[in-house]
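First up is the structure itself, then whatever we jot down about it.
The values are calculated or read from the model by the stated rules, or taken from the named source; none is laboratory data. If you're wondering where the values come from, they're calculated on a predicted model, not measured in any experiment. Neighbour counts are summed over all protein chains in view; Cβ atoms, including those assigned to glycine, are modelled from backbone coordinates with ideal geometry. For accessibility, only protein heavy atoms count, side chains too; no ligands or nucleic acids. Shrake-Rupley method; radii C 1.70, N 1.55, O 1.52, S 1.80 Å.
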Amino acid sequence: MASTIRIHGLLCSGEISSLFLAQLNNENEIVVAKCFKRSVMRQNPDSLRRMLREKWALESVNRLPHPFIVGSRFAHIDDETAFLGMENVGGGDIFTLVQQRGPFLPEQVMCYAGEICLALGHVHSFDIMYRDLKPENVLVGLDGHVKLADFGSAKQMRGRLGEAPPPHGHHSLIGTPEYMAPEVLLGNEICETCDWWSFGCLVTELLVGTTPFFEPNHGVQDLVRKILYAPISLPEHAPVGEPEMAFLAALLD
C-alpha cells in the first residue's frame, strides 16, 4: 500500500520548509512533518541539500535512539512535496522560554545543559558535526526534558581521530552568527569543537539572557569583530558564580 500523509494543521512556515502536525497511513501517532516543496528545491539547490542533510543526520543518530534527540519517524515524497516525519515533542523551544521568562536559575540551567551536552555527545559519536546549536533548535517536551532538533546544518566528519587536527576540507560558513565559533567565521578547518563553542554561547544565554557577544543595535559585522577579537566578558548577573564562570570560560576557548 502506498504511504499517505494526513495533514492536521500548520505549526509554522519558513523560507524553505513548513511544519505540520500529521499522520502516516492513519496511524495513531501524531507526528511533526517538515514539508519541502519540490518546486522550491528545484529552484534552490541549497534547500535540497539541507533537506537531504537533515534526513541523513536524523536517520544516522536514530540508529541508536537517544532520549534528548528528536526521533525520526518517516521520510516520504510525492509529486509535489518531500516530507520528513519527526517525533512530536509538544512543549515549545528554549528560545521561547527565555523570551517569556528571562534567565533561568543555575539549577535549571544545569539540568538543561546536561541534557544538551549528552545529545551533542551522541551526535559526535557518529562523527557528525551539528553546526547550528541555538535556543530555537532545542525543544522542550511536555515532560520538561529537552530534545535537540533541526539537523539541516549537520555534516559528516571523515578522518577524525582522537585529538588529531580537523581533517582537510571541513570548512564552511554555516549556522547563526551569534553562536558561531571563531574558526567557522575565519573559514578555518573545523570539527566538533565548534559545537562546544556554540554550547557555551547557549548556556550563557540561559544564565544571563543574552549570548556573550550580544550588543543591542549592533550589526553583523560588529558582532563578528567582537567574537574574533574582543575579550570575553559576561554580563554581571547575581546567580552566576565562579563555577559557572569557569565552565563558560572553558567552553569559549
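Being open to solvent by 30 Å² or more (accessible area, probe 1.4 Å), outside any helix (DSSP H, G or I) and in contact with a Pro (Cβ under 9 Å, 6 or more places away or on another chain) is a description that applies to PRO103.
So which of GLY71, GLY14 is under 24 Å from LEU118 (Cα atoms) and under 18 Å from the mean Cα position of the chain (by Cα)?
After applying the criteria, what remains is GLY71.
Here is the figure for region 56-71: residues that are in a helix (DSSP H, G or I), open to solvent by less than 70 Å² (accessible area, probe 1.4 Å) and out of contact with any His (no Cβ under 9 Å at 6 or more places or on another chain) total 3.
Inclusion of ALA113 among residues that are closer than 23 Å to LEU11 by Cβ, touching a residue at least 12 places away in the same chain (Cβ under 8 Å) and either of a type in the set (S, T, N, Q) or buried (at least 18 other Cβ atoms within 10 Å of the Cβ) (or both) is not warranted. Of the listed requirements (1) modelled with pLDDT under 95; (2) assigned to a loop (DSSP other than H, G, I, E, B); (3) surrounded by 22 or more Cβ atoms within 10 Å (Cβ to Cβ), CYS194 misses just one: (2). Taking the condition within 30 Å of VAL208 (Cβ to Cβ) and open to solvent by less than 50 Å² (accessible area, probe 1.4 Å), does PHE74 pass? Taking the combined requirement at face value, the residue does not satisfy it.
Hey, can you tell me all the residues within region 1-37 that are touching a Ser or Thr at 6+ places or on another chain (Cβ under 7 Å), surrounded by 14 or more Cβ atoms within 10 Å (Cβ to Cβ) and free of Cβ contacts under 8 Å to residues at least 60 places away in the same chain? Listed by number, the residues that qualify are ILE16, LYS34, CYS35, PHE36, LYS37. For region 51-60, the criterion of being under 11 Å from GLY152 (Cβ atoms) and hydroxyl-bearing (Ser, Thr, Tyr) is met by no residue. Every listed requirement among (1) farther than 23 Å from PHE126 by Cβ; (2) touching a residue at least 12 places away in the same chain (Cβ under 8 Å) is met by GLY85 save one, (1). In this structure, is GLU136 at pLDDT 90 or above, closer than 28 Å to VAL240 by Cα and in contact with a strand residue (DSSP E or B) (Cβ under 6 Å, 6 or more places away or on another chain)? Spelling it out, GLU136 is indeed at pLDDT 90 or above, closer than 28 Å to VAL240 by Cα and in contact with a strand residue (DSSP E or B) (Cβ under 6 Å, 6 or more places away or on another chain).
With respect to being open to solvent by 10 Å² or more (accessible area, probe 1.4 Å), in contact with a helix residue (DSSP H, G or I) (Cβ under 9 Å, 6 or more places away or on another chain) and assigned to a strand (DSSP E or B), ALA82 falls outside the description. Sort out which residues of region 19-64 are under 17 Å from the mean Cα position of the chain (by Cα), within 15 Å of GLY85 (Cβ to Cβ) and not hydrophobic (A, V, I, L, M, F, W, C), and write them in order of number. The answer is LYS34, GLU54, LYS55, GLU59, ASN62. Consider region 224-246 and keep the residues that are part of a helix (DSSP H, G or I) and modelled with pLDDT under 90. The one that is farthest from ASP132 (Cα to Cα) is GLU242.
Does any residue of region 75-92 turn out to be under 29 Å from SER47 (Cβ atoms) and under 12 Å from the mean Cα position of the chain (by Cα)? Show your work before the answer.
Within region 75-92, the subset under 29 Å from SER47 (Cβ atoms) is 75-92.
When the remaining residues are screened for being under 12 Å from the mean Cα position of the chain (by Cα), the result is none.
The answer is no, given that none of the residues of region 75-92 is under 29 Å from SER47 (Cβ atoms) and under 12 Å from the mean Cα position of the chain (by Cα).
In region 209-236, the residues that are within 25 Å of GLN100 (Cα to Cα) form Cβ pairs under 6 Å with partners that are exposed (fewer than 13 other Cβ atoms within 10 Å of the Cβ), at six or more places apart or across chains, as follows: GLY209/GLY102.
Among VAL32, VAL40, VAL89, VAL109, which is the only one that is part of a helix (DSSP H, G or I) and modelled with pLDDT of 85 or more? After applying the criteria, what remains is VAL109. Scanning for something buried (at least 20 other Cβ atoms within 10 Å of the Cβ) and closer than 23 Å to VAL140 by Cβ, does region 42-52 turn up at least one residue? No; the residues of region 42-52 include none that is buried (at least 20 other Cβ atoms within 10 Å of the Cβ) and closer than 23 Å to VAL140 by Cβ.
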